[in-house]
Amino acid sequence: MNFFINAARQNKNFTRLEKYLSENKPLPALVTGVSAIHKAHFIAGLLGDKNAPKTLVVMKSEGDAVKLCADINMLLGENAALLCPEKEMILADTEASSMEYEHKRINTLSALLNGQCKAIVCSAAAAIQLTIPPDELQNHTFSISCGDEIDKNELVKKLIAAGYSRAGQIDGSGQFSVRGGIVDVFPPNSAVPYRMEFFGDEIDSLGEFDLETQRRTKALDGIEISPARETLFESGEILCEKIEALAKKLRGKAAEKTRERLESDVERIRNGGSPSNLDRYFPLCFDGEATVFDYAERVFVCENTAVREGVRAAALQHTEDMKILLDEAKICKGLDRFMLTKNEATELIKAKTRVYFESFLSGGGLELGISINIGDAVQTAPWSGEYKILEDEMRGLLEKKYCCFIFAGTKKGAQNLANDLKEDGFSADYYENPDDIIRGKVIVCAGTLSAGAEYREQGLAIFTHTSVHAERKKSAKRKSVGEEIRSLEDISVGDLVVHYAHGIGVFDGVHKVDAGGVSKDYIRIKYAGADVLHVPVTQLDLVSRYIGTGDVSTVKLNKLNSEQWQKSKAKAKAAAKEMAAELIELYAKRMKSKGFAFPDDDELQEDFEQHFPYIETNSQMRCIDEIKSDMQKEQPMERLLCGDVGFGKTEVALRAAFKCIESGKQCALLAPTTVLAWQHYQTAAARMEGFPVNIALMSRYKTPKEQKEILKSLASGRMDFVIGTHRIVQNDVVFKDLGLVIIDEEQRFGVAHKEKFKEMFSGVDILSLSATPIPRTLNMAMSGIRDMSVLDEPPQDRQPISSYVMEHDWGIIAGAIQKELRRGGQAYYIHNRIESIYGCAEKLQSLLPEAKIGVAHGRMAENELLEVWRRLLDGELDVLVCTTIIETGVDVPNVNTLIIEDADYMGLAQLHQLRGRVGRTNKRAFAYFTFKPGKVLSEISQRRLDAIREFTQFGSGFRIALRDLEIRGAGSILGASQSGHLANIGYDMYLQLLDEAVREERGEKNVHKEECLVDIRINAFIPENYISNQAQRVDCYRKIARIKTEADASDITDELIDRFGDPPASVIGLIEVARLRNMAADCFVSEISQVGEDLIFYMSKFDMQKLSAVTKAVGKKMRLETVGRPRMLVSAGKDKDALSVMKTVISAMAQAEDNQNTKN
């Protein structure tokens, strides 16, 4: 903002500093008496100059750097400063590691190099790490524009040399994909992936595309591609030659062992693989060394003594780590330098620094050109949001003719505050981008800072709300294709599938069959015994991936033409029908009953909501609105709130609770375990502190006297909010005026408890919470019979979790835990076998004698578990060795390292939820997925490990993880009575039956449409040279089979052109067959086949108007046969192709159907 640049320039100390720097004198300046917020303001003022040199700001820690960066950007109103995070040095063998922080570093360095930002801010440790030299970064960064001539093979070579990984389909940053004339790439310096379309060697078009749908979203004229890694080699062969040259030089005791390791990596690379850890070879990459200092033209150091201490600690730790790795022969001389030494770093900082910013008078030992003390500037605490406090504080300042500048959080909050102040007689206005200090004026803006400030000389006071920096972003509208469970995506040979008519079998790939000069693709499915079914790809909408609720290995395959499948389907259909009827009846009953209509929000509710210290996500706001809308109706609310771990369900529930209490009613929150009840109590008590709310925790661990007092308070109405386990629903608990019940993890309560809830809470609003997300398809199937609110957006500003997949190594694990403990954090160690968990804890204790280690597992008594969680939360434990019990456990923000033993035994969904237990603050978190060393993995474990590797490195498979989670959610919502049917017929099939049952119960007609089978002689297939990846081909086949209208056909054609280029004739034919097949089904045609020159249309019923229309269209070529199955035969003749005849016949019948409907 111009305001803060101008305010800085009106400060005489700032102008002295600016003038001194403009003179380019050799000695640095020292600025003292500046707290964190004044450092941000002075640096922002210096960066406000259009010709400001490229600047590096060094802080002691990454946390300080993040805060300073955010403050600078808020003051300038633009992303002028970017964070350069520390790079993790994991040099042991790893199968995969996440790249988010490395990509952030590359993005930041690229931005400074290309003038897209003015400064980078980093910690002392990040500043002295070696990185890619500026000239190498420039050489491996290239631009592409529409119309450019570029050889596609050369482009592929450039991308590989720039560190990109080739994939069939892009799932994350650092990947590229080639499909015919289409090249996709996702550079780290972009928030979205790019698509390039070639015409020969010319770039015909460029655009952004959506990862979820893989569809193009925006056309571009040009793109810039930066490297995907800091460790770069022009080719695998060059790397091999460098490793071999190093191996020849090895001498000493460990030389043979190290040489074997190096030769193993060379062999892996030459066989087309990757080395066990590419970063280990960083010292061999470039001819010269570089650090972030090489990217900047000037350096500012904040708190020199602290920075020097940070440098010393980082350099010593690095030296120690390298010594251990050398002793273990994991690295060798020549692969042991990734950071400057302490002395090198100290000298470099001294030589490059232009300004030292210090909180206190200091500067001993520094040779200075100028020393400036800011005596009159004061840092002030953030404003809590309470209007009266702000009003009182400002009145005194405005009497002295101060200008009061307020950062009031969100734009809406800022506008409301400006209006309130104006109504109370203040000279206040809301501004988007103010320019100058106006004495006696209150300026209100959106945004926040880490602290407020006061400049007495200028008469300026800056107030800031306590919320975080980010403004809520407008999320892109998600397309329905991406929201569905895409059940045939990522399918592999050997996976279980379900055919609507024949049941569960094993997918055996796509097979081309050539007959009579015509090529067609079929999906082959193996059934029990030696049964095999070939399904034409035009009927792939009848096939879905089998997704059950249990272990896939126990699923029994069906036999073709057996009654078993039909029986299973009939039973499931009857159960779904029964469930639909019950739900519709319950819903109708609830709509007729009367409850309490809560009033609209008032000032106190708004005040409570403004005290939320974070920016709400869009989905949180939507869910809050849905719940409040229900509460304000006369009918009692019964709503389910679903969302992934950490998506903010508790805040949504507490806003509903506060609305209830504030309206004079009581609220109860039920949790399935004492531990969860205790956590909810802690959260609610902290969140509602300072508001007139009495909260109590009710559990069997309260003394009889305490319980008696709580019961009395509830009966008299003195207690507003009670939180507890099923103790709340016992007969001695009486509420004076209960208005809302919140049930957490409803599915974990028994049937008896649920019946008791219904009895006790009749006519009361009920909000149930579920920690597993639910599929959109289920939400739609149940819309109008079960009210659901879905949180589908993670909180903003959540730090990515650095994840590693590696063999289990006690040395690495002990090092990872020690690193976490050194920064004052705690760790989880997942050992999922209760019989050996105490032995595991003892092993860790022997490796970490100073650490305080606890154990938690599901067989412990609840009071024991509660004590373990208390000790962990209070910091009395450093490490918790536990089973997967933490998946639904207590939220401990200080635990930021997670180690999982035998990760290959767990599914992606479970790993995703476990990983969600760390990284819940702005601190960097780490997750280590480990598997037994030297273990021969089963095929299932190998596939699972491959999935984990992809999931970790590129985020791919995240959709699978989410899908598996959603199935859990579906199982819990549908209840135990339905889980058997889910297992017997698969999730997709069950949902289809449920959807049909609900629509039938509502009185809809023709709910289940008969399918039409088509088998005619036409080239209708997707060639492998058009879509080479089998999973993508199958997915496209299924999308094509589901075409119902001309608009669907057009949409699929657009998608194919966008993703794979112009479709060949065989694909166009396939799309047309799919469209006509669905039109035929609407006209009661059950099958279309071809014998010789005749097309045979089998009819489920004859309709004279349709037959008459066909006769008009084809004349004498049509004849009817009624013996056996009723059918209509149309001769195609020798010259006409079968498809055009089929089109003529079906179009005529469809037109007749439309005419009949119009008359009716």
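The values are calculated or read from the model by the stated rules, or taken from the named source; none is laboratory data. Being a predicted model, the structure only gives us computed values, none of them experimental. Note: ideal-geometry Cβ built from the backbone for every residue, glycine included; neighbour counts use all protein chains shown.
One table, with the values for the structure above:
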item: Single unsatisfied condition, SER427 versus (1) of a type in the set (S, T, N, Q); (2) under 36 Å from the mean Cα position of the chain (by Cα); (3) farther than 21 Å from ASP71 by Cβ; result: (2)
item: Residue among LYS1112, LYS1106 that is part of a helix (DSSP H, G or I), without any contact (Cβ under 8 Å) to a residue 40 or more places away in the chain, among the charged types (D, E, K, R) and over 23 Å from GLN539 (Cα atoms); result: LYS1112
item: Checklist (1) touching a strand residue (DSSP E or B) at 6+ places or on another chain (Cβ under 8 Å); (2) of a type in the set (Asp, Glu); (3) farther than 17 Å from MET1099 by Cα applied to ASP1137, failing item; result: (1)
item: Total residues in segment 1097-1156, condition among the β-branched types (Val, Ile, Thr) and under 54 Å from the mean Cα position of the chain (by Cα); result: 5
item: Test: residue in segment 580-593 that is assigned to a loop (DSSP other than H, G, I, E, B) and over 34 Å from the mean Cα position of the chain (by Cα); result: yes
item: Answer residue from segment 172-191, given it is crowded, with 21+ Cβ neighbours inside 10 Å and not polar (S, T, N, Q) and is nearest to ALA111 (Cα to Cα) among those; result: PRO188
item: Of the criteria (1) closer than 30 Å to ALA255 by Cα; (2) within 38 Å of the chain's Cα centre (by Cα), which one GLN379 fails; result: (1)
item: Close pairs from segment 859-883: first not assigned by TED's automatic domain parsing to the domain that holds GLY724 and among the hydroxyl-bearing types (Ser, Thr, Tyr), partner at pLDDT 90 or above and in a helix (DSSP H, G or I), Cβ under 8 Å, at least 6 apart; result: THR883/ILE834; THR883/ILE837
item: Top-ranked residue in segment 207-235 [being in contact with a Lys or Arg (Cβ under 7 Å, 6 or more places away or on another chain) and not charged (D, E, K, R); ranked as nearest to GLN138 (Cα to Cα)]; result: GLY207
item: Residue match in segment 1118-1135 (condition: over 16 Å from PHE1084 (Cβ atoms) and in contact (Cβ under 8 Å) with a residue 60 or more places away in the chain); result: no
item: Inter-residue pairs, beta-carbon under 6 Å, first assigned to a strand (DSSP E or B) and in segment 342-356, second among the aromatic types (Phe, Trp, Tyr) and crowded, with 17+ Cβ neighbours inside 10 Å, 6+ apart; result: VAL355/PHE300
item: Of the criteria (1) modelled with pLDDT of 95 or more; (2) hydrophobic (A, V, I, L, M, F, W, C); (3) not in a strand (DSSP E or B), which one CYS122 fails; result: (3)
item: Qualifying position, being modelled with pLDDT under 70, surrounded by fewer than 22 Cβ atoms within 10 Å (Cβ to Cβ) and on the phi > 0 side of the Ramachandran plot, among GLY980, GLY975, GLY1003; result: GLY975
item: Single residue of THR1144, THR1122 found to be farther than 24 Å from SER519 by Cα and not charged (D, E, K, R); result: THR1122
item: Residue check for LEU1120: surrounded by fewer than 16 Cβ atoms within 10 Å (Cβ to Cβ), in the same structural domain as ALA1148 (by TED's automatic domain parsing) and aliphatic (A, V, I, L, M); result: yes
item: Subset of segment 585-596 (residues that are among the hydrophobic types (A, V, I, L, M, F, W, C) and either exposed (fewer than 13 other Cβ atoms within 10 Å of the Cβ) or at pLDDT below 75 (or both)); result: LEU586, ALA588, MET591
item: Unique match (being more than 37 Å from the chain's Cα centre (by Cα), in contact (Cβ under 8 Å) with a residue 60 or more places away in the chain, surrounded by 12 or more Cβ atoms within 10 Å (Cβ to Cβ) and not in a loop (DSSP other than H, G, I, E, B)) among LYS577, LYS571; result: LYS571
item: Within segment 221-249, tally of residues that are buried (at least 17 other Cβ atoms within 10 Å of the Cβ) and outside any helix (DSSP H, G or I); result: 10
item: Cross-chain or 6+ apart pairs with Cβ under 8 Å, segment 377-403 first and more than 25 Å from LYS12 (Cβ to Cβ), then among the hydroxyl-bearing types (Ser, Thr, Tyr) and in a strand (DSSP E or B); result: PRO382/THR464; TRP383/THR464
item: Residue within segment 1148-1160 that is at pLDDT 90 or above, touching a strand residue (DSSP E or B) at 6+ places or on another chain (Cβ under 8 Å) and either closer than 25 Å to THR1045 by Cα or not hydroxyl-bearing (Ser, Thr, Tyr) (or both) present; result: yes
item: Residues (more than 21 Å from the chain's Cα centre (by Cα) and among the hydroxyl-bearing types (Ser, Thr, Tyr)) located in segment 184-210; result: SER205
item: Conditions (1) in contact with an Asp or Glu (Cβ under 7 Å, 6 or more places away or on another chain); (2) farther than 20 Å from THR141 by Cβ; (3) part of a loop (DSSP other than H, G, I, E, B); number of the one not met by LYS253; result: (1)
item: Residues of segment 810-839 satisfying the condition of being surrounded by fewer than 20 Cβ atoms within 10 Å (Cβ to Cβ), touching a helix residue (DSSP H, G or I) at 6+ places or on another chain (Cβ under 9 Å) and not in a helix (DSSP H, G or I); result: ASN832, ARG833
item: Matching residues, segment 143-158, being in a strand (DSSP E or B) and surrounded by fewer than 16 Cβ atoms within 10 Å (Cβ to Cβ); result: SER143, SER145, GLU149
item: Test result for PHE1084, touching a Pro at 6+ places or on another chain (Cβ under 9 Å) and modelled with pLDDT under 90; result: no
item: Cβ pairs under 7 Å, 6+ apart, first in segment 678-701 and more than 19 Å from ARG718 (Cβ to Cβ), second polar (S, T, N, Q) and surrounded by 16 or more Cβ atoms within 10 Å (Cβ to Cβ); result: THR683/THR650; SER699/THR674; SER699/THR725; TYR701/THR674
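Listed here are the residues, each with its yes/no results for (1) modelled with pLDDT under 90; (2) outside the structural domain of ASP265 (by TED's automatic domain parsing); (3) buried (at least 22 other Cβ atoms within 10 Å of the Cβ).
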residue	(1), (2), (3)
ASP294	no, yes, no
GLU297	no, yes, no
CYS302	no, yes, yes
ARG308	no, yes, no
VAL311	no, yes, yes
HIS318	no, yes, no
GLU328	yes, yes, no
ILE331	yes, yes, yes
LEU340	no, yes, yes
